[in-house]
Amino acid sequence: MGATDDSDDADDDLVGAVRRPRRPWPPDEGAGEAIVRANGWATLVFAVASIAAAVAPDPLEYVAVPVDLVLFVVGCSAFLWAYAVAIGRSRYDDLTMAGVFFLSDRVAPARVTRTFRVLLAVQVVVAVATAAARPFTALAFGVLVPVLGLGLMALWGARHGVFPVKEARPDGP
């Protein structure tokens, strides 16, 4: 069945198959915008706190470390939430790991994919740069923060990504 083929004659031999409508491509540009904005704001807070702590470590290290740990926990939670959503969607849609977790295979609009990847790159660069600027200090906790970018990207992919409808097999579900 082709990506644009919506005819029912391809499913005539699939008795009892449930037809679900395909999600439109490209997805709505505003889909999951709250997740994209949350990632942007969290990245900004992380960058400001980490760079400030690298410049003046004594007073600001006590701010940067809790920020790092909170963002890491939020990222882990987003991963688990994305996994649960993906499990539910996998019954009907043909999900791919790369599509869900990295927004590859054109599952998201180019703007969304680019935004998530740029924010992830910023998180990695800031984490490594600040940890390298002050080695063997608590700023090393910053390397945990890119889990947030990966987790929110996965959450967007699991909730709003466009995947083909799973083909029903004639011999069963």
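A compact table of results
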{"read-out": "Long-range neighbours under 8 Å by Cβ, at least six apart or interchain, first residue among the acidic types (Asp, Glu) within the stretch 63-79, second surrounded by fewer than 19 Cβ atoms within 10 Å (Cβ to Cβ) and assigned to a helix (DSSP H, G or I)", "value": "68/144"}
{"read-out": "Residue ID - farthest from residue 76 (Cα to Cα), chosen from residues in the stretch 133-143 that are in contact (Cβ under 8 Å) with a residue 24 or more places away in the chain and assigned to a helix (DSSP H, G or I)", "value": "133"}
{"read-out": "Hey, residue 131 surrounded by fewer than 20 Cβ atoms within 10 Å (Cβ to Cβ) and either farther than 24 Å from residue 34 by Cβ or of a type in the set (Lys, Arg) (or both) or not", "value": "yes"}
{"read-out": "Candidates 130, 96 - the one that is touching a residue at least 60 places away in the same chain (Cβ under 8 Å), among the hydroxyl-bearing types (Ser, Thr, Tyr) and closer than 25 Å to residue 53 by Cα", "value": "130"}
{"read-out": "Residue in the stretch 108-117 that is over 30 Å from residue 62 (Cα atoms) and outside any helix (DSSP H, G or I) present", "value": "yes"}
{"read-out": "Residue 86 being in contact with a helix residue (DSSP H, G or I) (Cβ under 9 Å, 6 or more places away or on another chain) and either of a type in the set (S, T, N, Q) or surrounded by 17 or more Cβ atoms within 10 Å (Cβ to Cβ) (or both)", "value": "yes"}
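Laboratory data are not the source of any read-out in this text; all were calculated from the coordinates shown. From a predicted model like this one, the values you see are computed outputs, not experimental measurements. So basically every Cβ, Gly included, is an ideal-geometry build from the backbone, and we count neighbours across all protein chains shown.
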